[in-house]
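So the structure is just underneath, and the comments pick up after that.
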Amino acid sequence: LSREAILDALRARRCYGSTGAKIILDVRVNERMMGEKIADSPNGPVTVDINVSTPQPIKEIVVWRSNVNMFTHTPDGSPNELTLQYVDDNPLAGESYYYVRVILENDEIAWTSPVWFGKE
């Protein structure tokens, strides 16, 4: 966690925001990291892999595609850790982007940087 590495991650948009809770969130879209720009439109299904660890129970996880709610997961048993996958079988042609929002039971929120398709 050097200063240089942190600045590199911020410049590459490989980061996420939260309202203050110490949420650990790793999201990959077609195995690409948060913040990446992919020059081509998706060629086939888009897979969103989500790994989250939180200090409070998870209330909801939402996958967004270009600001449209594509998938909402409300976990059973209020876990503090969760791994799940969403597959978009009908991705948009042209430009689109995917990001994830996590809401905890105490209403703290985290959201990822998007992964863009059709952008250079």
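Measuring with a 1.4 Å probe in the full set of protein chains, what accessible area per residue, in whole Å², belongs to the stretch 22-84? Please report the intermediate quantities before stating the final value.
Numbers: 3360 Å² over 63 residues.
Here the residues of the stretch 22-84 average 53 Å² of exposed surface.
Say R0 is 25 Å: what FRET efficiency, to the nearest 0.05, do Ile109 and Glu31 get from their beta-carbon distance?
Values: r = 25 Å, r/R0 = 1.02.
In this case the efficiency is close to 0.50.
Report D for the chain in µm² per second (integer): Stokes-Einstein, Kirkwood Rh on Cα pairs, 4 °C, 1.567 mPa s.
Details: Rh = 14.7 Å.
D = 88 µm²/s.
Give me the lysines in straight-line cross-link reach of Lys37: C-alpha distance below 19 Å, same-chain residues under 8 apart excluded.
Partners found: Lys119.
Please enumerate, by chain and number, the lysines with C-alpha under 22 Å from the C-alpha of Lys22, excluding those fewer than 8 residues away in the same chain.
Lys59
Provide the net charge surrounding Tyr16, with neighbours chosen by a C-beta distance below 11 Å and charges set as Lys +1, Arg +1, Asp -1, Glu -1. Spell out each step's value before the answer.
Numbers: positive: Arg13, Arg14, Arg101; negative: Asp26.
It works out to a net charge of +2.
Before anything else, pin down the relative contact order of the stretch 23-95: Cα pairs under 8 Å, at least 6 apart, normalised by residue count, whole percent.
On the way: 115 pairs, mean separation 26.9, N = 73.
Averaging sequence separation for qualifying contacts and normalising by length gives 37 percent for the stretch 23-95.
Would you mind telling me the share, in percent, of accessible area of the chain contributed by carbon and sulfur at probe 1.4 angstrom?
Values: 3250 of 6900 Å².
Whole-percent figure for carbon plus sulfur exposure: 47.
Packing-wise, with mean Cβ within 10 Å as the measure, how do 74-82, 41-49, 29-37 rank, highest first?
Numbers: 74-82: 11.6, 41-49: 15.6, 29-37: 17.9.
So the peptides 74-82, 41-49, 29-37, ranked by packing, come out 29-37, 41-49, 74-82.
Highest first, please rank the peptides 15-24, 96-105 by the mean number of other Cβ atoms sitting within 10 Å of their residues. Please list the in-between numbers first.
Numbers: 15-24: 14.3, 96-105: 21.1.
Top to bottom by mean Cβ count within 10 Å: 96-105, 15-24.
Have a look at the DSSP beta bridges in the stretch 12-120 and tell me what percent are antiparallel, nearest 5.
Working: 37 of 39 bridges.
DSSP beta bridges in the stretch 12-120 are roughly 95 percent antiparallel.
The values are calculated or read from the model by the stated rules, or taken from the named source; none is laboratory data. It should be emphasised that the depicted structure is a prediction, and the values quoted were computed from it without experimental measurement. Every residue, glycine among them, receives a Cβ derived from its backbone with ideal geometry; neighbour counts consider all protein chains shown. Areas reflect the complete protein model, heavy atoms only, side chains present, ligands, DNA and RNA absent. Shrake-Rupley method; radii C 1.70, N 1.55, O 1.52, S 1.80 Å.
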